[in-house]
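Every number here is computed from the coordinates shown, using simple stated rules; none is lab data. Predicted model, so just to flag it, every value in this text is computed and none were measured. Cβ placement follows ideal geometry from the backbone for every residue including glycine, while neighbour counts extend to all protein chains displayed.
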Amino acid sequence: MGSGLLEFIINTLKIALIFVGIVSTVPLLVWVERRGSAFMQNRLGPNRVGPLGLLQLAADAVKFIFKEEFIPQKAEKVLYFMAPGLALLPAALTFVAVPLSTPVTVMGHTINMQMADINVGIIYIFAVASLGVYGILAAGWSSGNKYSLLGALRASSQMISYELAMGLSIVGILMIFRTFSLNEMITAQTGHLSFIWQGSTTTVSWLPNWGIFFQPVAFVLFITSGFAETNRLPFDLPEGEAELVAGYHTEYGGFKFNMFFMGEYGHMITSSALITTLFFGGYAIPFMSPDEVLKFWMGHAQGMAGLISLSAADIASILTTLTHLVSFLLKTGFWLFVYIWVRWTLPRFRYDQLMDLGWKTLLPWALANLVITTVFMFFARVKM
Amino acid sequence: MIQQLAPVLVLIVVVVGFVVVSLSLTFLAGPKRKPTAQKQMPYECGIPGIDNQTTKFSVKFYLTAILFILFDIEVIFLYPWALIYTDFLNYGPFIFVEMMVFMAILTFGFIYVWKANALDWD
């Protein structure tokens with residue numbers, strides 16, 4: 001009972017910490033987006049509040065809280081208040097299944113650096129992420145504004161269309177990794193690129209064993225649908241401000257608007273983390289398996305053991321986890337930057353072009369990729 | 001399975017708590033002004049609205065949703081198959097042939113939908 005309670009407390013603390021982490025990453029991303037866009041457009045961006053304008057985030061949060069609560073006359077009140085929460089919830093929940101780093105063992109306790117080790121992680125993420133449509137539809141319908149309704153319809157239609165291509169692009173990856181668990185996928189991607197070709201093992205020593213080298217087409221399909229799923233430019237038709245004012249959140253202000261914003265950025269974070277996990281080895285360091293990293297730190301931990309009251313094994317475990325966490329953050333951070341970069345580079349699609357791209361380009365390509373992978377694996381007996 | 005999903009339930013409570021607390025905080029801290037008729041109107045570029053939310057919208061949205069359900073179910077069928085594909089190849093080509101038949105039917109349906117102009121937006 002005593003150890004069970006301790007475990008529960010540790011797990012709850014972990015969840016709270018990671019949630020706070022996400023919530024505080026969002027303003028940071030907004031800052032990067034505003035400063036980055038300013039840099040790309042040759043202007044200054046927010047630079048008045050605090051050093052480099054970093055305190056702008058805190059100022060924004062305070063401003064959101066001190067805004068007037070306002071309900072439009074034609075709004076469906078209950079749904080109108082529920083919608084921001086419905087938009088935020090799936091964004092926060094998807095991150096639960098993403099493995100952040102290797103488990104850390106301190107004084108006999110092993111702590112997983114993942115909120116929930118779900119054995120069908122990838123299905124869980126897809127299932128929960130697709131619930132994001134409800135928040136947007138509820139917002140658009142309950143606002144009692146025609147722009148909101150049109151924006152919500154566009155958003156839901158676009159999200160379900162691109163979900164198909166996204167779901168299909170993953171099938172090839174599943175065939176190679178033969179697992180739904182994100183942890184096992186990362187384990188499969190450590191070391192050098194190697195596969196079994198007609199019964200004999202082939203190793204390419206100058207490439208890491210990453211999913212992108214097995215499924216390059218799937219990667220392009222996945223990242224493209226990822227942009228559409230998060231309603232980011234060049235697919236931000238739902239809030240195309242030149243035609244729809246602000247789309248589904250036209251009638252929202254203050255903290256309720258902030259929640260839609262946090263939802264969008266939350267989806268962006270999960271999507272980047274998923275790209276990292278499926279195609280770029282997750283937290284694993286290229287060419288090195290977690291065991292080798294642990295062995296490396298073991299060699300250095302002997303000297304440090306005297307300085308702190310922890311055993312050498314504990315220190316090595318902590319250092320290994322930290323190294324992998326940094327690796328994960330660097331990879332995910334890079335894809336987050338790509339999201340921002342693309343937003344300020346590409347122009348917006350027209351709606352019929354967007355639907356054509358989803359149904360007539362991405363979907364056939366995903367089907368073709370799947371069939372080619374199947375046939376190829378049948379005849380060449382390629383195995384990871 | 002329940003054990004695995006327990007953190008999800010805890011997180012749902014945390015997120016709902018965050019939403020409720022922050023919304024009530026705004027409710028308490030924000031200014032309270034008497035709403036005027038103009039302010040409560042649906043936003044419409046500054047002039048009185050001439051239309052309301054019962055605006056008709058394209059039936060294409062329904063069609064897209066129906067097509068999505070059809071194709072999404074077929075994608076779901078592919079997931080468990082993909083998991084066991086390489087292992088089951090050792091027992092002969094049945095799993096390969098079976099899925100090729102399935103994919104052929106799926107592709108035929110897709111071509112039919114395309115040729116019937118169900119994917120066109122104008």
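Solvent-free Debye calculation, one equal scatterer per alpha-carbon of segment A:120-257: log10 I(q)/I(0) at 0.13, 0.15, 0.17 Å⁻¹ equals -0.67, -0.80, -0.92. Of all segments of chain A bounded by trypsin sites (Lys or Arg not before Pro) found in a DSSP loop with no more than 12 other C-beta atoms within 10 Å, the longest spans A:49-349. Could you work out which residue, out of A:LEU362, A:LEU319, A:LEU346, moves most in a Gaussian network model of chain A, that is, has the largest mean-square fluctuation with Cα springs under 10 Å? Result: A:LEU346 has the largest fluctuation of those listed. Computed from backbone phi, the HN-Hα couplings of segment B:106-122 come to 4, 5, 4, x, 5, 5, 4, 4, 5, 5, 7, 6, 6, 9, 8, 10, 10 Hz, rounded to whole numbers (Karplus: 6.51 cos²θ - 1.76 cosθ + 1.60, θ = phi - 60°; Gly and Pro given as x). Taking max minus min of the alpha-carbon positions on each principal axis, segment A:1-66 gives extents of 60, 28, 18 Å, largest first.
Mean projected area of the Cα convex hull of the protein assembly as shown, taken over all directions, amounts to 28.6 nm².
For chain A, what are the DSSP H helices with axial Cα length of 27 Å or more and mean Kyte-Doolittle hydropathy of at least -0.5? Span-like helices, by this rule, are A:2-40, A:77-94, A:146-177, A:254-279, A:312-343. The alpha-carbon positions of segment A:53-181 define a convex hull whose volume is 189 Å³ per residue.
Tell me, what is a quarter of the convex hull surface for the C-alpha atoms of segment B:16-122, in nm² with one decimal? Mean projected area of the Cα convex hull: 14.0 nm². Filter the cross-link list A:LYS77/B:LYS39; A:LYS256/B:LYS60; A:LYS77/B:LYS32; A:LYS146/B:LYS39; A:LYS74/A:LYS360; A:LYS14/A:LYS77 down to pairs whose alpha-carbon distance in this structure exceeds 28 Å. Where the Cα-Cα span goes over 28 Å, the pairs concerned are A:LYS256/B:LYS60; A:LYS74/A:LYS360; A:LYS14/A:LYS77.
Residues whose amide H comes within less than 5 Å of that of A:VAL106, counting only those at least five positions distant or on another chain, are A:ILE111 (H built at 1.01 Å from N in the peptide plane). All C-alpha to C-alpha distances of segment A:269-323, sorted into 5 Å bins beginning at zero, yield P(r) values of 4, 20, 22, 17, 13, 10, 8, 6, 0 percent in whole numbers.
Each residue, A:THR12 and A:TRP344, gets one label point 7 Å from its Cα in the Cβ direction; the gap between the two is 4.3 nm. Measuring between their Cα centroids, segment B:17-46 and segment A:260-293 lie 38 Å from each other.
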